1. Out of (1) out of contact with any strand residue (DSSP E or B) (no Cβ under 6 Å at 6 or more places or on another chain); (2) modelled with pLDDT of 95 or more, what's the single condition that is false for residue 242?
2. Tell me whether the stretch 2-21 contains one or more residues that are modelled with pLDDT of 70 or more, hydrophobic (A, V, I, L, M, F, W, C) and surrounded by fewer than 13 Cβ atoms within 10 Å (Cβ to Cβ).
3. For residue 191, indicate whether it is surrounded by 17 or more Cβ atoms within 10 Å (Cβ to Cβ) and in a strand (DSSP E or B).
4. Being touching a residue at least 60 places away in the same chain (Cβ under 8 Å) and in a loop (DSSP other than H, G, I, E, B): is that true of residue 158 here?
5. Scanning for something among the small types (Gly, Ala, Ser), touching a Leu at 6+ places or on another chain (Cβ under 6 Å), surrounded by 17 or more Cβ atoms within 10 Å (Cβ to Cβ) and under 23 Å from residue 245 (Cβ atoms), does the stretch 161-178 turn up at least one residue?
6. From 171, 199, which residue is under 28 Å from residue 117 (Cβ atoms), out of contact with any Gly (no Cβ under 6 Å at 6 or more places or on another chain) and not in a strand (DSSP E or B)?
7. Within the set of pairs 6 or more residues apart or between chains, which connect a residue that is more than 18 Å from residue 143 (Cα to Cα) inside the stretch 235-246 to a residue that is of a type in the set (Asp, Glu) and in a loop (DSSP other than H, G, I, E, B) with Cβ atoms less than 9 Å apart?
8. Looking at residue 251, is it touching a residue at least 24 places away in the same chain (Cβ under 8 Å), among the small types (Gly, Ala, Ser) and in the same structural domain as residue 141 (by TED's automatic domain parsing)?
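The values are calculated or read from the model by the stated rules, or taken from the named source; none is laboratory data. Keep in mind that what you see is a predicted model, and the values were worked out from it rather than measured. We place every Cβ from the backbone using ideal geometry, glycine too, and count neighbours over all the protein chains shown.
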Amino acid sequence: MAGFWDQVQAFFWNLIHRPTLIDYIDILIIAFLIYQLVLLTRQTQAIQVLKGLAVIIVASYVSELIGLTALNWLLRSILNNGVIALLILFQPELRRALEQIGRSAKLDRTQAQDESERIVDEITQCLLRLSRRRVGALIVFEQRTGLKDVIETGTAIDSVISAPLLENIFEPNTPLHDGAVIIRGQRVAAAACVLTLSESSSISRDLGTRHRAGLGVSESTDAIVLIVSEETGIISMAKGGRLTRHLDAEAIRKQLTDMYHQDHSRLWRWSHKQLSFIRKGGANHDE
């Protein structure tokens, strides 16, 4: 394993003394591989071992630079023998990682499409059940215009979309029911968010705060909003500052399908993003 240490030394020597285009490419490839390795081992015991290995590598290189011969010999011995031990110790994890790499490229887009279909079913079922029970709901779907400032007004959730979760959020007399749920891509970003009410004078007086809040966010952004009336159970959609009422199951499913299927590549990228700490956005009260 002495060759391993020699390669590490050569890498850093090239980095410091004679960087060329090939060296930069080499560095980028190594950085990408290290990044992928961190992603694969994140939140596992292996990440702690990798951190320890990185400390030993840096300490060994520094000890050689400043002339600590005995310490450098000890650290190099640990590295030369430790790599084999790590390969044996983490053989199951390495095998799973290689299997995941082999099948991920083929399955990711199919999985994203399947996930979008599941989300459409979950949201449709949720809205229909809330409508039958006349439980008010306000769900905002972020599109190309970011809703970070709106998300920050609510309570961060960052959860998989499911009908039971959404129904529980809007259940009366629960902490998060009074406000809007913000959905970003394939995740429930936040709940109990506060939305700016529409100032339009053409809104019917029969519509209360929940509908005005949905219209308000659809006027200022390209968000799509689904609303369930607490008084009548009518399901409405706010889009582009216009309100469409009396949506049935077929209309809801069509709207959600169009929204989630219009760009599979964008949805695929959504599924690979790590959702940053979520911010607020929602409506106050119902009609």
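1. With (1) out of contact with any strand residue (DSSP E or B) (no Cβ under 6 Å at 6 or more places or on another chain); (2) modelled with pLDDT of 95 or more applied to residue 242, the lone miss is (2).
2. yes
3. Considered against the rule, which asks whether it is surrounded by 17 or more Cβ atoms within 10 Å (Cβ to Cβ) and in a strand (DSSP E or B), residue 191 comes out as yes.
4. When the stated conditions are applied, residue 158 does not pass them.
5. The answer is no; no qualifying residue exists.
6. Every option except 171 fails the conditions.
7. 235/248
8. Against the criterion (touching a residue at least 24 places away in the same chain (Cβ under 8 Å), among the small types (Gly, Ala, Ser) and in the same structural domain as residue 141 (by TED's automatic domain parsing)), residue 251 does not qualify.
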